[in-house]
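The values are calculated or read from the model by the stated rules, or taken from the named source; none is laboratory data. These numbers were taken from a predicted model, which means no experiment stands behind them. Every residue, glycine as well, gets a Cβ built from its backbone with ideal geometry; the counts of neighbours run over all protein chains shown. Only protein heavy atoms, including side chains, enter the accessible area calculation; ligands, DNA and RNA are left aside. Shrake-Rupley method; radii C 1.70, N 1.55, O 1.52, S 1.80 Å.
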Amino acid sequence: MTPFTPSRRTLLTGALGLALSGTLSGCGAFGHGARVREWNLFGGGDGARLLQIHEKFVAEHPDIAFEAHTLAWGPPFYTKLAMSAAGGRAPEVATLHLSRLKGFSPTTMLDPIPLDQLTEAGITEQDFLPETWNRCLVDGRLYAVPLDQHPFVLYYNLEICKKAGLLGPDGRIKPVKGVDAFLEMLKAVKDTTGKFAASVETTNPWRLWWTLYGQLEGKFFDDSGSRLALDDAKALEALQLMAKLAADGLTPKSSDYPSLVAQFTNGDAGLSFNGEWEVTTYQTAKMPFSMAPFPVVYDVPKYAGDAHTFVLPHQAGRNKDDTAATITYIAWMLKHSADWAAGGHIPAYQPVVASPEYLNLKPQAEYRSVAPDVLYDPDAWFSGSGAQLQNEAGAAFAGVFSGRTTPRQALDQFKAATQKLLDTPSPV
């Protein structure tokens, strides 16, 4: 997800504080003064949606003193969370990207999730996809509970794609498979818009490259996780396709994140390659659009993505009543995650995925099939959402779109930067 402005975060935190001001001395089933302090990194539409969901939780749980705090997205959030956990003075619960879990030193920075209490709250392993649940385990213990998945998807303008002949009888975009069919689809859209086929963030195209490389079944680290094992031929094939997209005018040669959104909104591009979290933006703009899985351009269905999870940051003396209240909060959030899914994220809790409330969300339910094939970032302390590996990919790969560097030069730069990170000890 993308970072948002501090003023928006301040507004959300302040509003939530007002909403909860009457609940801070509650007592009830959890004992006197049971509290849950929650840290998250959600701004923009996600932050506003979370505020509304939290207000419902507070209204239903007067016996829990609940406080929510929205911190700056990305490295500032993780730095502060690590410092609080290292000192044993962390909040009761926090958001953590699943791609960050194993690089966060979970056995020292996090407290394991009490499975018995989670089960008592009605949440079990069987409620999640095995691929997602297993990533939450470290040394056989559960350190995270997944809330959602947010994959790389395809947005498409219904009017433009209809003119381009790309919609089927059901009004949905016709699936394409393979490089040639993918390029033909893009050319048809470009011919219709007269500008671009697709908007994409060329200044940091990590998610596009990671999707294509994953579909080629390329490895990143060896089995030990300590040595770089990139397949040069596959990495270059993905980069060469990205270079062709820009050279043929199918995508812009230079486009930052705001431009990516604007180009799709104003019709300069009939398609957009992005994470699914911009659904609210385009709905608010009253655009005629829908969404679908990103095309399987190469061999297997893989889609760059991540998941938001709940974790228990390490506390020196975790309070029994506070922990029980925290598990109640986590279970409630999962059971009400259709409200969260309205912002685009695929619920991790499978009973919600199968619910009419979620299935009736359009276009949010149109790409749910990709959930088992979400491709997380490589496991490393410098990897994951907003981490340094993505920054290094942006620095190396942006030149492929602009034409400043060849795919070979870009790959060499990226490999050298990644090796330097591998040679640097983890700070946590």
Would you say ALA243 is of a type outside the set (D, E, K, R), more than 22 Å from ALA292 (Cα to Cα) and in a helix (DSSP H, G or I)? yes
Residue hits (the stretch 165-184; exposed (fewer than 13 other Cβ atoms within 10 Å of the Cβ) and either in contact with a helix residue (DSSP H, G or I) (Cβ under 6 Å, 6 or more places away or on another chain) or more than 22 Å from ASN274 (Cβ to Cβ) (or both)) are GLY165, GLY168, PRO169, ASP170, ASP180
If I go through the stretch 333-346 residue by residue, how many of them are aliphatic (A, V, I, L, M), surrounded by 23 or more Cβ atoms within 10 Å (Cβ to Cβ) and out of contact with any helix residue (DSSP H, G or I) (no Cβ under 6 Å at 6 or more places or on another chain)? 1
Here the residues within the stretch 407-428 that are open to solvent by 70 Å² or more (accessible area, probe 1.4 Å) and in a helix (DSSP H, G or I) are ARG408, GLN409, ASP412, GLN413, GLN419, LYS420
Which members of the stretch 126-168 meet the condition of being free of Cβ contacts under 8 Å to residues at least 12 places away in the same chain and assigned by TED's automatic domain parsing to the domain that holds ALA188? LYS162, LEU167, GLY168
If the requirement is being hydrophobic (A, V, I, L, M, F, W, C), outside the structural domain of ARG37 (by TED's automatic domain parsing), in contact with a Phe, Trp or Tyr (Cβ under 8 Å, 6 or more places away or on another chain) and open to solvent by less than 10 Å² (accessible area, probe 1.4 Å), which of these qualifies: LEU260, LEU239? LEU239
Yes or no: LYS253 in a helix (DSSP H, G or I), open to solvent by 40 Å² or more (accessible area, probe 1.4 Å) and modelled with pLDDT of 95 or more? no
Taking the criterion of being farther than 18 Å from ASP231 by Cα, surrounded by 20 or more Cβ atoms within 10 Å (Cβ to Cβ), at pLDDT 95 or above and touching a Pro at 6+ places or on another chain (Cβ under 7 Å), would at least one residue in the stretch 360-369 satisfy it? yes
Among residues of the stretch 388-428 being over 25 Å from the mean Cα position of the chain (by Cα) and hydroxyl-bearing (Ser, Thr, Tyr), the residue nearest to LEU245 (Cα to Cα) is SER402
Would you mind stating whether ASP63 is more than 29 Å from THR108 (Cα to Cα), at pLDDT 90 or above and crowded, with 23+ Cβ neighbours inside 10 Å? no
Go through the residues of the stretch 143-164 one by one and say whether even a single one is open to solvent by 40 Å² or more (accessible area, probe 1.4 Å) and not in a helix (DSSP H, G or I). no
